[in-house]
Number of protein chains: 4
Amino acid sequence: MKAAIIGATGYGGAELIRLLHQHKYVEEFTLHSSSQSGVAISESYPQLTNITNQSLQSINIEQISKNADVVFMATPSGISTEITPAFIENGVKVIDLSGDLRFKDPNVYEKWYKKTSAANEVLEKAVYGLTELNREKVKNASLIANPGCYPTATILGLYPLLKNIAVEANSVIIDAKSGVSGAGRKASLGTSYCEVNENFKIYKVNEHQHIPEIEVALKTANNQLGPIKFNTHLVPMTRGIMSTIYCQPLASVSEKLLRNLYQQYYENDRFVRVRKEGEYPATKEVYGSNFCDIGITFDERTGWITIVSVIDNLMKGAAGQAVQNLNVMHGIDEGTGLLGAPIFP
Amino acid sequence: MKAAIIGATGYGGAELIRLLHQHKYVEEFTLHSSSQSGVAISESYPQLTNITNQSLQSINIEQISKNADVVFMATPSGISTEITPAFIENGVKVIDLSGDLRFKDPNVYEKWYKKTSAANEVLEKAVYGLTELNREKVKNASLIANPGCYPTATILGLYPLLKNIAVEANSVIIDAKSGVSGAGRKASLGTSYCEVNENFKIYKVNEHQHIPEIEVALKTANNQLGPIKFNTHLVPMTRGIMSTIYCQPLASVSEKLLRNLYQQYYENDRFVRVRKEGEYPATKEVYGSNFCDIGITFDERTGWITIVSVIDNLMKGAAGQAVQNLNVMHGIDEGTGLLGAPIFP
Amino acid sequence: MKAAIIGATGYGGAELIRLLHQHKYVEEFTLHSSSQSGVAISESYPQLTNITNQSLQSINIEQISKNADVVFMATPSGISTEITPAFIENGVKVIDLSGDLRFKDPNVYEKWYKKTSAANEVLEKAVYGLTELNREKVKNASLIANPGCYPTATILGLYPLLKNIAVEANSVIIDAKSGVSGAGRKASLGTSYCEVNENFKIYKVNEHQHIPEIEVALKTANNQLGPIKFNTHLVPMTRGIMSTIYCQPLASVSEKLLRNLYQQYYENDRFVRVRKEGEYPATKEVYGSNFCDIGITFDERTGWITIVSVIDNLMKGAAGQAVQNLNVMHGIDEGTGLLGAPIFP
Amino acid sequence: MKAAIIGATGYGGAELIRLLHQHKYVEEFTLHSSSQSGVAISESYPQLTNITNQSLQSINIEQISKNADVVFMATPSGISTEITPAFIENGVKVIDLSGDLRFKDPNVYEKWYKKTSAANEVLEKAVYGLTELNREKVKNASLIANPGCYPTATILGLYPLLKNIAVEANSVIIDAKSGVSGAGRKASLGTSYCEVNENFKIYKVNEHQHIPEIEVALKTANNQLGPIKFNTHLVPMTRGIMSTIYCQPLASVSEKLLRNLYQQYYENDRFVRVRKEGEYPATKEVYGSNFCDIGITFDERTGWITIVSVIDNLMKGAAGQAVQNLNVMHGIDEGTGLLGAPIFP
């Protein structure tokens, strides 16, 4: 198949290039940028020298629609709202990595993103591409709203629990941590080296735009769920997300039961690895891979459950999951181009 | 006054040397080590070249007792239990940075530290040296149990709240993060560079030995408090601790009221800085200093309080607070030798 | 083909597992360790969970010889000297990643490694596996001495120059820098996080055991070459090597001529990327890949040449080049299993 | 005395604040910024909360001249050229941390900085403030050109050698490495976290503007010296510079002789620590301090000398040396406010 990447100069775009380069069913992909049209991608990313020497093209919707079977939108929020409808009309499949199309209710988007929402008819078409939850819908989708990074780690970490175990509806607390690449490729003082290195910061306290995305998804597991407590921290590292999740079950549960529940739930999901008793994943253990690793325990002393869920934010949290959805949409093996082991150390 | 540092080759010991070197009332200090007696401290720590060229001495209790007015125990757990009683008998003041003497109930220590406790009579003498809470007792103490790093950040972050606001007794959740220096100076695979760098790990899930220390202190603020949920994470950085704390008040509180409460509580505590509305401290902002910085907010949407408390684990979390206690014990200005600004960047 | 990895628990071994896992002609590989026989590799390396769940086996030479077509020795120096001869006798091909078999002259090894050398007859059989230089010999080899990490970056950076341009024989200076993974996976104070982070150190000043390896190779390009000045530094990062090389040509050379010379020399070497004028490679630009990127310039002001050569020390500097040699030895495409793009950021 | 800091919002300015805050003879200092006048400094630097709560003032030369005895120019190049003359005319002492006034020959500045030079009469007044070399001149100076960071480490590392030992005039090679804070506080892609972390880069190859500064100073030691080979690298760390220096003596020298020579040369310089035989400084060993640590050796095998010189670029490489010069200019103890031990780890 043929693909186009819109917004190829960001970190999400670069990761898509890395993945599509190795994808045996993608015979060709083109790169598009609103600002750097005509420039070789290897000018922005010298690591791509000799891997792909193509130049960035402008975002010409008609031309892209002629050549491409599928378009990846690796753009800041706001862009997809504007241009995705035209691709859909032209019969091109779209996988949108931005937050623009993740809500059915436009008000939610407008409240949390402070931007004009896409039209209802576009939102209706979009399938929320958390593959493990929505695989059947993804198969037939022409438009994927690829999940956010924090939501991917958090929802995968909580879903089996909320679906199967009665919990105190107001008890869910998610303390999330991310590497810096989640902020994208741009010059900004807050993500400059000297401000981040040897530092640990909290940001967007109780205000992160991923909050409603997580809540909407989790309520499909348990519609009694109250508002989640969710905070995000910046870790002095490039890649990786960990959600540390706290939750109070209404009754004591055995650790074994919990683990069985998760293992069964993800039995056919090769990218989710439920870790064994006493083992909790570290972010480096999924570095560069599409895995989501989950540790889970029940603390007898306090009666609370602790869940630890990690991903590589640029992979399962962005480009990796986008390719996973690409595979499912096209009826090819879900792991195509995604089966490399994590890089360690 | 004259001081002795037992365990001078660890990171806590080295930080004490840095502080005592600049302390205008400490005219002399000696360095002691069980393993490296006779070796110049600058062999272990070349940064001390020309600052102190003295050699490590053995731990001869009688000799130390003759020369020193005060002994700092910067030793692993277990050592202070053994040798502190002799110093006390000899009339030497002791500031113990280990966890050995922090509990009145020996069973608590034995359960969480899995070591034999010191005798009741020693434990009785020990004053828990969280200076801001126990300043009056510290003034007259001859034996200080210097608090742990996580407890310092956490207790200072929660105490004014629990003392003044009714909260859901079982709702306190503390998600704590630390730099690697908290693990001490030793060769171990788990703290080797390649295992920690570009990685974020959780450790001692629900099992950290600082849990009971925090609970005991917080119950003096609110004796209804249930068991805390407390987890610890390793951040790829050298220094710094952040406790992100979640807590549900029984009734809505205004952000302004909360802030006033904290500001009043710490009005006379120059090392606690309550940050203004909308500002949350990052660990680097207290780097190398004795400050504990606290941010606090009430989330209208969820009805929960979020508290962010940061310290430098080697300073306010260890050596800095030890010197603060030294000052209080000796009736000199509490800030002596501790007033340098944080190093940034 | 079938492979065995001896020393699978080190970082070089782990990187071989990552590569062989994706290698389409390696249908099976076994893992061997002298110390952890019986333990699942995923105990040591949780990132390998579900990728390979096999356990480590002991180093039984006869049994390995029956099953394996090729053995990778990812062992500390000294081991290969002992056990490689038996594999060779049994007709098994060996790719040795240690330094044991890189010299024809046993005295050189013994002087710099301070260990007993392998026998002359084994040394004679070993082909020095710097693939770009010795491809023809590698094709027919049964025993490969895989080059060291610093020598790979340095020799590839200097060879075309010394082969083609007359230089002041005593002018070659190599200032080399490495990430910490080059030190291997082990607990040691010198490579512990707090000692390395936010620090830059020089080590083995004028004494690194890679000095003679570089000299021997470079003298095949120019036998007038005097002793090199070579120093190594530890960079606070996990992967990557840079050699910054200074050299004085006997006569002025144009930058264009230099670049042409390098481009021609490496015309058929897909893993060497000669960068364009004014562009110098950074280590991250080859991270996780088998590339060696080279920048080169002539400084009119001083009349000296500067060469910058970077590799990923675990890839082109160890496991990657070992697989490259595996491919060449077996007459399959040299890039098999090695064509993934570098991970960035 | 009273001081003013122009350019207080940069990293050099912030470090000056940290130092003047602890300086017992500076009873007052004011902060000035062209862009942030009226804003509290703690808005830019929350670590200064409660340490100095003053606001930034505009750069009103007349007003500053009335209040201040000495002005620190912590400004980008170009600013000092413009405004320093007015301060000098007003009888205010100036310590200029920028590169504007370091050359007697305006052409050199204009060639390397690509900016208009200050007038000859101003350049004539300026004393090059490498304190150890020019202490006597500094004592009587009213205008100090504070040295650059790389020149400070490099010149201190080479001066005693070039002054006393005959070397091959064209053999001096300086391979320099710096932490990121040397680039100043600003948003730029090249110094953003994800581009620098886990990366090692060379920059300004053969073109760094510190080259002529080093050459001019070294020629006062040996006027036969040819052009130096000088390259700079960016290390993934915040603070610290290392210059690794290679140099060929005309005749063999004993290591002992070299060391004696350095020790004698710096006998009365408390901020230069010549390390003992076999010991080479790491950058962390001077972190946060005003030390320059030097290691030196002679390699019998090659006949070359290796010198390793490290500083904290914000301290001895900028603000620390500026305060050292302040002390010397005012006839007070040279170490005032600068005697804190390095922070380690």
Of the listed residues (D:Asn260, D:Asn268, D:Asn223, D:Asn231), the one being out of contact with any helix residue (DSSP H, G or I) (no Cβ under 8 Å at 6 or more places or on another chain), without any contact (Cβ under 8 Å) to a residue 60 or more places away in the chain and facing another protein chain (nearest Cβ under 7 Å) is D:Asn231
Going through (1) over 16 Å from the mean Cα position of the chain (by Cα); (2) assigned to a helix (DSSP H, G or I); (3) more than 26 Å from D:Ile294 (Cβ to Cβ) one by one, B:Leu16 fails only at (1)
Taking segment A:160-181 on its own, how many of its residues are surrounded by fewer than 24 Cβ atoms within 10 Å (Cβ to Cβ) and among the charged types (D, E, K, R)? 2
Looking at (1) hydroxyl-bearing (Ser, Thr, Tyr); (2) more than 14 Å from chain D (Cβ to nearest Cβ); (3) free of Cβ contacts under 8 Å to residues at least 12 places away in the same chain, which one does C:Thr152 not meet, given that it meets all the others? (3)
How many residues are touching a residue at least 60 places away in the same chain (Cβ under 8 Å) and of a type in the set (Phe, Trp, Tyr) when one looks only at segment C:271-282? 1
Which members of segment A:191-242 meet the condition of being of a type in the set (Ser, Thr, Tyr) and under 16 Å from B:Met242 (Cα atoms)? A:Tyr203, A:Thr232
Of everything in segment B:234-257, what is touching a residue at least 60 places away in the same chain (Cβ under 8 Å) and among the aliphatic types (A, V, I, L, M)? Give them in sequence order. B:Ile241, B:Met242, B:Ile245, B:Leu250, B:Ala251, B:Val253
Applying the selection to segment B:217-240, what residues are among the charged types (D, E, K, R) and surrounded by 21 or more Cβ atoms within 10 Å (Cβ to Cβ)? B:Lys229, B:Arg239
For segment D:182-198, give me each residue that is surrounded by fewer than 18 Cβ atoms within 10 Å (Cβ to Cβ), out of contact with any Ser or Thr (no Cβ under 6 Å at 6 or more places or on another chain) and either free of Cβ contacts under 8 Å to residues at least 40 places away in the same chain or in a helix (DSSP H, G or I) (or both). D:Lys186, D:Ser188, D:Leu189, D:Gly190
Within segment B:188-208, is even one residue under 26 Å from B:Leu326 (Cβ atoms) and more than 8 Å from every other protein chain (Cβ to nearest Cβ)? no
Within the group C:Val253, C:Val216, C:Val274, which residue is away from chain D (no Cβ under 11 Å), of a type in the set (Val, Ile, Thr) and more than 19 Å from the chain's Cα centre (by Cα)? C:Val253
Close pairs (9 angstrom Cβ cut-off, 6 or more residues apart or separate chains): at positive phi in segment D:88-106, part of a loop (DSSP other than H, G, I, E, B) anywhere: D:Gly91/D:Ser142
Picking from B:His32, B:His21, which residue would you name as being away from chain D (no Cβ under 14 Å) and without any contact (Cβ under 8 Å) to a residue 40 or more places away in the chain? B:His32
For the condition touching a strand residue (DSSP E or B) at 6+ places or on another chain (Cβ under 8 Å), within 26 Å of D:Ser117 (Cβ to Cβ) and not hydrophobic (A, V, I, L, M, F, W, C), what is the one hit in D:Thr191, D:Thr152, D:Thr220? D:Thr152
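Residues checked against (1) assigned by TED's automatic domain parsing to the domain that holds C:Phe72; (2) under 12 Å from the mean Cα position of the chain (by Cα); (3) of a type in the set (Lys, Arg):
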residue: C:Asn107; (1), (2), (3): yes, no, no
residue: C:Ser117; (1), (2), (3): yes, no, no
residue: C:Leu130; (1), (2), (3): no, yes, no
residue: C:Lys137; (1), (2), (3): no, no, yes
residue: C:Leu156; (1), (2), (3): no, yes, no
residue: C:Leu161; (1), (2), (3): no, no, no
Leading residue by the ranking (nearest to B:Phe298 (Cα to Cα)) among those in segment B:235-254 that are among the hydroxyl-bearing types (Ser, Thr, Tyr) and at pLDDT 95 or above: B:Ser254
Filter result (among the polar types (S, T, N, Q) and at the interface with chain C (Cβ under 8 Å from one of its Cβ atoms)) within segment D:287-305: D:Thr297, D:Thr302
Can you report the number of residues in segment B:156-177 which are part of a strand (DSSP E or B) and within 12 Å of another protein chain (Cβ to nearest Cβ)? 5
Where the second residue is among the acidic types (Asp, Glu) and not in a helix (DSSP H, G or I) and the first is more than 11 Å from every other protein chain (Cβ to nearest Cβ) and lies in segment B:325-345, which pairs have Cβ atoms under 6 Å and are six or more apart or on separate chains? B:Asn327/B:Glu334; B:Val328/B:Glu334
Selected residue [among the β-branched types (Val, Ile, Thr) and buried (at least 24 other Cβ atoms within 10 Å of the Cβ)] from C:Ile88, C:Ile144, C:Ile83, C:Ile59: C:Ile144
Result of the Cβ filter at 9 Å on segment C:62-83, keeping first residues that are free of Cβ contacts under 8 Å to residues at least 24 places away in the same chain and partners that are part of a loop (DSSP other than H, G, I, E, B), at least 6 apart or interchain, is C:Lys66/C:Asn90; C:Glu82/C:Asp100; C:Glu82/C:Ala118
Boolean, B:Leu257 is modelled with pLDDT of 95 or more, assigned to a helix (DSSP H, G or I) and under 29 Å from A:Gly226 (Cα atoms): yes
Do we have any residue at all in segment C:141-151 that's within 17 Å of C:Ile311 (Cα to Cα), part of a helix (DSSP H, G or I) and in contact with a His (Cβ under 6 Å, 6 or more places away or on another chain)? yes
With the condition kept exactly as written, say whether any residue in segment B:123-136 is out of contact with any Leu (no Cβ under 9 Å at 6 or more places or on another chain), in a helix (DSSP H, G or I) and more than 23 Å from B:Gly317 (Cβ to Cβ). yes
So, of the residues in segment A:35-49 that are among the β-branched types (Val, Ile, Thr) and touching a residue at least 12 places away in the same chain (Cβ under 8 Å), which turns out to be farthest from A:Phe72 (Cα to Cα)? A:Val39
How about segment D:92-135: which of its residues are surrounded by fewer than 19 Cβ atoms within 10 Å (Cβ to Cβ) and among the small types (Gly, Ala, Ser)? D:Ala119
One residue from A:Gly303, A:Gly295, A:Gly288, A:Gly226 being over 18 Å from B:Ile173 (Cβ atoms) and either in the same structural domain as A:Leu158 (by TED's automatic domain parsing) or basic (Lys, Arg) (or both): A:Gly288
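The values are calculated or read from the model by the stated rules, or taken from the named source; none is laboratory data. Everything numeric in this text was worked out from a predicted model, so none of it was measured. Because the Cβ atoms are built from the backbone with ideal geometry, glycine has one as well, and the counts that use them run over all protein chains shown.
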